[in-house]
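Next up is a structure, given as structure tokens.
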Amino acid sequence: MTPSDLDALLTWRRDVRHFRTDPVPETTQEALRHAMDKAPSVGNARPWRVLKVDDPSLRAQVRAEFVRCNRAAQKSYDPATAEDYAQLKLAGIDRAPLQLAVFTETAPAAGRGLGRQTMPQTLEHSTAMAVHTLWLVARVHGLGVGMMSILEAAEIERLCTVPPSWRFFSYLCIGRPDFEDDTLLLHRAGWQENAQTKWGSR
């Protein structure tokens, strides 16, 4: 892969909210799972835990939780901003064929604590890197990914009946995009443009 290939991949790695309903082939799902196997992890703890959410009833409950949280979030803004917020499409859960609930195991035996004695948050960092790795590989396979965060973590943990040591990290909606776009949706909608990364010095 050339630097320009990588730059193109990063440019087209955008949060997707508009999906086609075509099923994601099992071979492609396996490629995504395998991509997470290759993700970097502090201490090699590999704390990410992933559940495929296939059950229609569970999907409906997750959607209901999103609707509840989304309404509460809209009410937290001033009227003008709330109106802008209401115009955003913030969930692809109604159409995305593949949906994953991602958690972080907060007390993994793997890694034996290496690298997280002083910074336990590195477990969440590792999960984030695994999700990003999956996201890039999904893009290579022509898939889009949307990460739902307008959800109460404790409620998703309850709905998914996970062990007490698992902490909800993100809910991923995955499928073929309805349309291709190299511009961040929140930028296009006028909510927030990309800001240039600046490196300070000391």
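Bear in mind these aren't lab numbers, they're just calculated from the coordinates by the rules spelled out. The shown structure was predicted, so the numbers you read here are calculated from the model rather than taken from an experiment. Reconstructed Cβ throughout: ideal geometry from the backbone, glycine too, with neighbour counts over all protein chains shown.
Please report the antiparallel percentage of the DSSP beta bridges confined to the chain, to the nearest 5.
Here the share of antiparallel DSSP bridges comes out near 95 percent.
Another question, then. All other residues with a Cβ under 9 Å from the Cβ of Tyr77 taken together, and with Lys, Arg as +1 and Asp, Glu as -1, what is their net charge?
-2
Then there is this: Over the chain, what relative contact order in percent results from Cα pairs under 8 Å that are six or more residues apart?
Value for the chain: 37 percent.
Restricting to lysine pairs 8 or more places apart or on different chains, what number in the chain have Cα atoms under 30 Å apart? All intermediate terms of the calculation are to be shown ahead of the outcome.
Numbers: Lys38/Lys52; Lys38/Lys198; Lys52/Lys89; Lys75/Lys89; Lys89/Lys198.
The result is 5.
³J(HN,Hα) across segment 17-29 via Karplus (A = 6.51, B = -1.76, C = 1.60, θ = phi - 60°), whole Hz, x for Gly/Pro?
10, 10, 10, 7, 9, 3, x, 7, x, 4, 5, 6, 4
Can you tell which of Thr127, Ile150, Leu172 lies farthest toward the positive end of the dipole of segment 13-178, using +1 and -1 charges on the Cβ of basic and acidic side chains (Lys, Arg; Asp, Glu)?
Of Thr127, Ile150, Leu172, it is Thr127.
Additional query: Cα-based Rg (one decimal) and Dmax (whole number) for the chain, in Å?
Calculated on Cα positions, Rg and Dmax stand at 17.8, 54 Å.
Magnitude of the Cβ-charge dipole of segment 27-181, K/R +1 and D/E -1, about the Cα centre, nearest 20 debye?
Details: 18 positive and 17 negative charges, 95 e Å.
The dipole of segment 27-181 has a size of about 460 debye.
As I understand it, the dipole of the chain uses +1 on the Cβ of Lys and Arg and -1 on the Cβ of Asp and Glu, about the Cα centre. Which of Ser4, Tyr85, Val102 lies farthest toward its positive end?
The residue sitting most towards the positive pole is Val102.
Looking at Ser41, Cys69, Gln29, which one has the Cα that reaches farthest to the positive end of the dipole of the chain (charges on Cβ: Lys, Arg +1; Asp, Glu -1)?
Of Ser41, Cys69, Gln29, it is Ser41.
If each DSSP helix of 4+ residues adds -39,500 (n - 2.57) and the sum is divided by the residues in the chain, what number results at 222 nm, nearest 500 deg cm²/dmol?
Computed mean residue ellipticity for the chain: -12000 deg cm²/dmol.
So what J values fall out for segment 146-159 if you push phi through Karplus, 6.51 cos²θ - 1.76 cosθ + 1.60 with θ = phi - 60°, rounded to Hz, Gly and Pro as x?
Running phi through 6.51 cos²θ - 1.76 cosθ + 1.60 with θ = phi - 60° gives x, 10, 7, 10, 8, 8, 7, 4, 4, 6, 5, 4, 5, 4 Hz.
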